[in-house]
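Okay, structure first, notes after.
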Amino acid sequence: MNLLEVRDLSIHFGTRQVVNKASFSLAAGEKLALVGESGSGKTVTAMSCLRLLESARLEGSIQFEGREVLNMQARELQQVRGGEIAVIFQEPMTALNPVLTIGRQIIETLQLHKGLNARDARSAAIAALERVGISEAARRIDSYPHQLSGGQRQRAMIAMALACEPKLLIADEPTTALDVTIRHQILDLLDELRVERGLAVLMITHDLNLVRRFADKVAVMEHGILVEQGPAAALMADPQHPYTQKLVQSRPARDVAEAARGTLLSAEGICVDYPVPIPGIRGWLRKGSFRAVAPASFQLSPGETLGVIGESGSGKTSLALALLNLIPATGTMRLGRDSWTDRKKEQSLRQRLQVVFQDPLSSLSPRLTIEQIVGEGLEIHFPKLTAAERRNRIVAALQDVSLQEAGRVEPLLARYPHEFSGGQRQRIAIARALILRPQVLVLDEPTSALDVTIQQQVLKLLADLQRRYRLAYILVTHDIDVIRAMAHTVMVMKDSQVIESGPLNEILTAPRSAYTRTLISSTAPA
């Protein structure tokens with residue numbers, strides 16, 4: 001008997017059918033990758049296995065260990081959720097409770113499903129965090145989600161999912177926010193659990209290198225239809241369906257112009273320190289500090305892309321936020337002749353220096369429509385535009401990032417962020433930043449949530465815009481393939497320090513540090 005058996009599953013939202021008679025199976029200890037572009041239906045298919053789509057109408061059959069999930073009562077379903085089937089969600093910042101520490105959230109799960117007392121549950125939670133590669137787990141367990149980096153939050157989510165030793169793990173882009181070294185550690189951990197416990201994994205991903213390395217079987221979805229499935233090695237080596245062939249052949253390609261001469265942005269001695277409590281009586285009177293970014297300096301020319309790469313918690317996002325004046329920092333940042341020290345220039349700097357955040361759902365207001373979100377900056381920085389002119393710019397911006405339905409943007413304008421897939425939300429975030437035509441764009445993992453074909457389109461879009469407007473990019477990423485495709489210069493960060501920087505070719509072909517060599521070698525598929 002298969003652990004999970006899905007037969008002729010159809011999913012409807014109102015009158016709209018998003019999945020049409022999908023069928024697949026998963027045995028104990030097996031790893032199935034569900035692959036497809038954003039909006040193809042792969043996430044809703046996986047979430048239906050736990051009936052997590054309250055507004056959806058489900059038809060067909062979903063059997064877990066011979067039990068029909070679609071007929072389960074609420075109490076039985078509650079025991080299955082988290083205890084027997086666990087989920088790693090794509091966006092940990094929105095899946096984790098912001099008012100509870102990560103430790104409290106893991107402990108709650110252990111007490112509910114394992115019946116552990118508070119002391120044993122805390123020890124088990126610390127062990128779970130250590131196993132997924134979080135350093136200083138005994139200290140980090142008392143951190144709130146916003147106090148962790150994107151990769152650390154993702155690892156905390158993985159720890160929570162694995163803590164109760166489930167039989168089936170549904171992993172929605174589980175390694176999207178992780179650097180390559182931690183990504184391999186997590187995949188190795190899942191392999192160990194497969195051997196030890198017979199853990200089965202249903203993985204939703206657009207990372208074909210991950211599929212090649214990890215999956216036993218692959219199922220490919222296009223517009224809600226499973227167009228091809230089979231053993232991973234055979235399917236990836238010789239795909240039969242044209243859509244699968246397109247996915248396999250899609251890789252980031254370098255197409256960038258040379259940067260102009262001169263200095264557009266300069267940063268000198270940027271340091272970031274976070275306050276931390278001091279244990280004991282001394283902590284009553286003062287706080288300690290944790291250095292997230294040691295002195296970092298660089299210059300950026302018009303049309304140049306600086307790639308900032310490093311593992312989770314290395315300080316790369318803190319550096320980006322400091323440049324945007326979104327967190328306290330020391331040092332000097334100048335855009336042309338202007339700096340954040342001049343209050344009169346702040347609004348102008350906000351328009352000229354834009355950002356695309358790593359987690360699109362948490363950075364988009366859930367109460368605003370897409371038209372309001374993308375157009376909000378125009379109301380602030382270009383208040384003299386008429387309503388018609390503003391809408392035309394919004395439509396053009398969404399067309400630039402290939403966000404359309406049936407070839408038209410207008411049907412999407414009145415929708416809210418939760419009505420879009422993860423990749424579609426990332427494109428909305430990019431459109432919101434680009435619509436103001438900034439001089440410098442800070443890109444924090446801009447393509448991490450995008451499938452391979454859309455990633456190519458977005459990278460080409462960014463390259464075209466850079467060439468046309470001489471845009472400068474600060475590209476924060478853990479994906480060396482994206483660095484190869486976009487960057488002119490590279491800055492490598494580890495443990496808050498800039499350990500290496502220089503031209504792209506110099507860093508990638510003759511890296512000076514062992515850490516950089518590890519990052520580069522880790523990108524090669526197994």
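List of remarks:
- Whichever residue in segment 201-228 is of a type in the set (G, A, S) and open to solvent by less than 10 Å² (accessible area, probe 1.4 Å) and, among such residues, is farthest from F64 (Cα to Cα): G224
- Single match in R437, R468, R415, R432 (criterion: closer than 19 Å to L353 by Cβ and in a loop (DSSP other than H, G, I, E, B)): R437
- Residue satisfying all of: in segment 2-35; part of a strand (DSSP E or B) and of a type in the set (V, I, T); farthest from the chain's Cα centre (by Cα) among these: V6
- Selection from segment 257-274 of residues that are touching a strand residue (DSSP E or B) at 6+ places or on another chain (Cβ under 7 Å), open to solvent by less than 60 Å² (accessible area, probe 1.4 Å) and at negative phi: L264, L265, S266, A267, I270, C271, V272
- The residues in segment 43-82 that are small (G, A, S) and within 17 Å of K167 (Cβ to Cβ) can be counted, and the count is 3.
- Given (1) at pLDDT below 90; (2) part of a strand (DSSP E or B), index of the condition L450 fails: (2)
- In segment 80-112, the residues that are assigned to a helix (DSSP H, G or I), touching a residue at least 24 places away in the same chain (Cβ under 8 Å) and open to solvent by 50 Å² or more (accessible area, probe 1.4 Å): R81, M93, T94, L112
- Enumeration of residues in segment 38-69 that are among the charged types (D, E, K, R) and buried (at least 21 other Cβ atoms within 10 Å of the Cβ): K42
A quick yes/no check of all residues on (1) in contact (Cβ under 8 Å) with a residue 12 or more places away in the chain; (2) under 25 Å from R517 (Cα atoms); (3) surrounded by fewer than 21 Cβ atoms within 10 Å (Cβ to Cβ):
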{"residue": "A128", "(1), (2), (3)": "yes, no, no"}
{"residue": "A161", "(1), (2), (3)": "yes, no, no"}
{"residue": "L169", "(1), (2), (3)": "yes, no, no"}
{"residue": "P174", "(1), (2), (3)": "yes, yes, no"}
{"residue": "D188", "(1), (2), (3)": "no, yes, yes"}
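- Among residues of segment 381-408 that are over 22 Å from Q347 (Cα atoms) and free of Cβ contacts under 8 Å to residues at least 12 places away in the same chain, those with a Cβ under 9 angstrom from a residue that is in a helix (DSSP H, G or I) and not aliphatic (A, V, I, L, M), sequence gap 6+ or separate chain, pair up as Q404/P411; E405/P411.
The values are calculated or read from the model by the stated rules, or taken from the named source; none is laboratory data. If you're wondering where the values come from, they're calculated on a predicted model, not measured in any experiment. So basically every Cβ, Gly included, is an ideal-geometry build from the backbone, and we count neighbours across all protein chains shown. Remember, those area values only see protein heavy atoms, side chains included, never the ligands or the DNA or RNA. Shrake-Rupley method; radii C 1.70, N 1.55, O 1.52, S 1.80 Å.
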